[in-house]
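The values are calculated or read from the model by the stated rules, or taken from the named source; none is laboratory data. Being a predicted model, the structure only gives us computed values, none of them experimental. Here the Cβ positions follow ideal geometry from the backbone for every residue, glycine too, while neighbour counts run over all protein chains shown.
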Amino acid sequence: MLYLNDCAIVCALGSGREAVQRRLLDEAKSGLRVSDVCSPGRPLPLGRVDAALPDVGHLPLPLRSRNNQLALAALAQIRPAVDAAIARYGSARVGVVVGTSTSGVAAAEAALAAHAHTGALPQDFHYGQQEMGSPADLLARELGAGGPAYVHSSACSSSAKALASAARLIRMGVCDAVVAGGADTLCGFTVAGFGALDSVSAAPCNPLGAQRDGINLGEGAALFLMSREPAAVALCGWGESSDGYHMSAPDPAGGGARLAMTAALRRAGIDADAIDYINLHGTATVQNDAMEARAVADLFGSAVAVSSTKPFTGHTLGAAGAVEAALCWLAMQDDNPDGKLPPHLWNGERDPALPSLNVAVPGARLGRPLRWALSNSFAFGGSNATLVFGRTR
């Protein structure tokens, strides 16, 4: 069994487990705020992190970025547990696997803007700040971890795949513990890119809704300490597929999504009807929601509770799989004995063209602890990942 011993999260809902759990399960309060910070002259709802972030002045210049600040903020929340694991197993037996899609691209944007104004790049800019491997290098350096350290960058499935990779490292005997998760940062590059695809909504996103018209972007970081040491929640299954249907559009039939979900259930050793709750990828784009709703209905029927948590956090891209895994982890802890579910924030107007799913409204609860949760992450190019979490006590 591969246990999630500790969890850290920083996102638009707040920093730390207590703040995020309260905003999500008790208050059902979105963290989105309207801003034009990444789209001058075009205010958009964004899931921006407002928490104070750690200083990175002590780091080599290539590792100084806002993205790495988010990663450090998350690491601080689980640092004692990770240090204890390193002391127990030895640094060479502790790995780092994270996902990102932007890394330090925001630093490059600022540097290029300065260059356009002054004719020179700022002294505090280094090309290495936007290297995809930077977050793993940072975390391994900070921890003194000597095991494998690498990054997945497969767009929106990145950090879900990082958790699956961490599990494989432990199962293969390469590591005894792994720090796994993801970090991604808002920047003009992603806002403009999704805008060019006509996929960004100027209003709060409306997953599964009849009037849904695109995503709200966000940023955040979530990290787990994973090992074989027993804990309340385990990563019991994972499934990955690559349907390669289109560069940016999902397979309308949902074949790759079903493959990932089926593989995750099979690896967990459970049937579809055992799942209590599904955290949808739920981007609120026309095509993603249609594909996912059909695939979920085909496999699970219409009774299982579902929600998209992106209206709370924004779509955190490469960090989304880990951030949403953390929201599942929070809902499965002992301090949620009634099984309060992450709710679905939307206008309530269902799309009649979609299967009717059992959407978890604010205040929805199972009346017992949440036993099994499934989380989907579907990315550009048909890179699909599904995780299954089980409560172990």
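Among the residues here, A116 qualifies as surrounded by fewer than 20 Cβ atoms within 10 Å (Cβ to Cβ) and either under 28 Å from G193 (Cα atoms) or under 16 Å from the mean Cα position of the chain (by Cα) (or both).
Being outside any strand (DSSP E or B), in contact with a Cys (Cβ under 8 Å, 6 or more places away or on another chain) and either on the phi > 0 side of the Ramachandran plot or of a type in the set (K, R) (or both) narrows it down to one residue among R266, R168, R258, R212; which is it?
Numbers: R266 fails: in contact with a Cys (Cβ under 8 Å, 6 or more places away or on another chain); R168 fails: in contact with a Cys (Cβ under 8 Å, 6 or more places away or on another chain); R258 fails: in contact with a Cys (Cβ under 8 Å, 6 or more places away or on another chain).
After applying the criteria, what remains is R212.
Listed conditions (1) of a type in the set (A, V, I, L, M); (2) under 20 Å from P250 (Cβ atoms); (3) crowded, with 16+ Cβ neighbours inside 10 Å are all met by A360, apart from (2).
Taking L25, is it crowded, with 17+ Cβ neighbours inside 10 Å, assigned to a strand (DSSP E or B), modelled with pLDDT of 95 or more and of a type outside the set (D, E)? Against the criterion (crowded, with 17+ Cβ neighbours inside 10 Å, assigned to a strand (DSSP E or B), modelled with pLDDT of 95 or more and of a type outside the set (D, E)), L25 does not qualify. Assessment of segment 268-277 against the conditions (without any contact (Cβ under 8 Å) to a residue 12 or more places away in the chain and more than 26 Å from Y245 (Cβ to Cβ)) yields at least one matching residue.
Evaluated against (1) free of Cβ contacts under 8 Å to residues at least 40 places away in the same chain; (2) more than 18 Å from C7 (Cα to Cα); (3) in contact with a strand residue (DSSP E or B) (Cβ under 9 Å, 6 or more places away or on another chain), P80 falls short on exactly one condition, (2). Looking only at segment 91-110, which residues are hydroxyl-bearing (S, T, Y) and either in contact with a Pro (Cβ under 7 Å, 6 or more places away or on another chain) or not in a loop (DSSP other than H, G, I, E, B) (or both)? Those that are hydroxyl-bearing (S, T, Y) and either in contact with a Pro (Cβ under 7 Å, 6 or more places away or on another chain) or not in a loop (DSSP other than H, G, I, E, B) (or both): S91, T100, S103.
Going by the structure shown, is V56 among the β-branched types (V, I, T), under 30 Å from R168 (Cβ atoms) and not in a strand (DSSP E or B)? Write out each step before concluding.
Working: among the β-branched types (V, I, T): yes; under 30 Å from R168 (Cβ atoms): no; not in a strand (DSSP E or B): yes.
Here the answer is no, as V56 does not meet what is asked.
Candidates in segment 363-393 are the residues that are out of contact with any strand residue (DSSP E or B) (no Cβ under 9 Å at 6 or more places or on another chain) and in a loop (DSSP other than H, G, I, E, B); of these, the one that is surrounded by the most Cβ atoms within 10 Å (Cβ to Cβ) is R368. Among the conditions (1) closer than 22 Å to T100 by Cβ; (2) surrounded by 22 or more Cβ atoms within 10 Å (Cβ to Cβ), G188 misses just one, which is (2). Restricted to segment 29-54, and to residues there that are in contact with a helix residue (DSSP H, G or I) (Cβ under 8 Å, 6 or more places away or on another chain) and of a type in the set (G, A, S), the residue that is farthest from A322 (Cα to Cα) is S39.
Quick one: which of P60, P40 is surrounded by fewer than 22 Cβ atoms within 10 Å (Cβ to Cβ), at pLDDT 95 or above and farther than 30 Å from G269 by Cβ? I'd like the intermediate steps shown before the answer.
On the way: P40 fails: at pLDDT 95 or above.
That would be P60, the only listed residue that is surrounded by fewer than 22 Cβ atoms within 10 Å (Cβ to Cβ), at pLDDT 95 or above and farther than 30 Å from G269 by Cβ.
Taken over segment 171-184, the residue count meeting the criterion of being surrounded by fewer than 24 Cβ atoms within 10 Å (Cβ to Cβ) and either at positive phi or charged (D, E, K, R) (or both) is 3.
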